[in-house]
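Take a look at the structure set out below.
The values are calculated or read from the model by the stated rules, or taken from the named source; none is laboratory data. All values derive from a computational prediction rather than experimental measurement. Cβ: placed from backbone, ideal geometry, glycine included. Neighbour counts: every protein chain shown. In case anyone asks, the SASA skips ligands and DNA or RNA and just uses the protein heavy atoms, side chains included. Shrake-Rupley method; radii C 1.70, N 1.55, O 1.52, S 1.80 Å.
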Amino acid sequence: MRILRNHVLSLMALLVLSLTTLPVFAQKDASARKLLDATSSKLSSLKSAKADFQITSFIGTQEQGNATGTMYIEGKKYKMVTPDLITWFDGKTQWAYMPSTEEVNVSTPTKKEQAATNPYSFIGIYKKGYNYTVSNTTYNGKSAREVRLTAESSSADIQEARIVIMSDNLPSSIRIRQGKNNWTRIRISSLKGNQKFSKDTFTFPAGEYANAEIIDLR
């Protein structure tokens, strides 16, 4: 499940855009850009959100692992819960708890690390360094549009992506390729905006994990 842990935090990237295979030719389709702008704007307008998702990692076409989970977001803060990992981030400090080992890694992510884990950091990624096209498709029996992006540089962290966007301008499925053959697929089963969370939602509740080993990496 290590691959899953490495990719699961990129999940909300899905809430913002998406990436995957693009044709050999490169172009910036005005219709695709307009749709991405609308999706980015809608996601950015949500002061808070709760999303239920399923994330699956692949090497090529071979599935490596999958997990379902829930993510809570409020501005730069977030909490993500999966069977193998629970993460809290209060805007400064991050706690990552692994139930299998009862360990909590405490860290202060750099701006670059935050960009790799904070969902909203991916908003606008398509605006620089990517080509994109859009086509009509169906998803779960409903009409949708699929935006395909490809990186202009071979050194980009995210090389390809495909985002399925529904009629409400919200994404339902995202596939991301990092490196040559590492894929992450994120499917969002539910996304609710402007939710109300208690102030302690995004901090590690030490009292609930009295037996956990704290590993301070700050």
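Take the Cβ-Cβ distance between Glu152 and Ser31 as r, set R0 to 22 Å, and report the resulting FRET efficiency rounded to the nearest 0.05.
Rounded to the nearest 0.05, the efficiency is 0.70.
For the residue pairs Lys76/Lys180; Lys79/Lys111; Lys42/Lys76, alpha carbon separations beyond 25 Å are given by Lys76/Lys180. Using alpha carbons only, the radius of gyration of the range 53-96 set against its Kirkwood radius gives Rg/Rh = 1.09. Shown in residue order for the range 183-194 are the 3J(HN,Hα) couplings computed by the Karplus curve 6.51 cos²θ - 1.76 cosθ + 1.60 at θ = phi - 60°: 10, 10, 10, 10, 10, 9, 8, 7, 9, 10, x, 6 Hz (x for Gly and Pro). Computed in the context of the full set of protein chains, the accessible area of the range 53-196 at 1.4 Å probe radius has 43% of its extent on carbon or sulfur. Taken over the range 154-218, the convex hull of the Cα atoms encloses 204 Å³ per residue. Expressed per residue, the C-alpha convex hull volume of the range 100-218 stands at 180 Å³.
Determine, from the Cβ-Cβ distance of Gln54 and Lys142 and an R0 of 22 Å, the FRET efficiency 1/(1 + (r/R0)^6), rounded to the nearest 0.05. With R0 = 22 Å, the Cβ-Cβ based efficiency is 0.80. Backbone geometry of the range 143-160 corresponds, through the Karplus equation with coefficients 6.51, -1.76 and 1.60 at θ = phi - 60°, to 3J(HN,Hα) couplings of 5, 8, 10, 10, 9, 10, 10, 9, 6, 7, 10, 6, 9, 5, 4, 9, 8, 9 Hz, x marking Gly and Pro. Scanning residues 5 or more positions from Gln64 or on other chains, those with amide H under 5 Å from its amide H are Ser57, Phe58, Ile59, with H placed 1.01 Å from N in the peptide plane. Note that the range 77-82 has calculated 3J(HN,Hα) couplings of 8, 7, 9, 10, 10, 9 Hz, one per residue in order, obtained from phi through the Karplus relation 6.51 cos²θ - 1.76 cosθ + 1.60 (θ = phi - 60°); glycine and proline are x.
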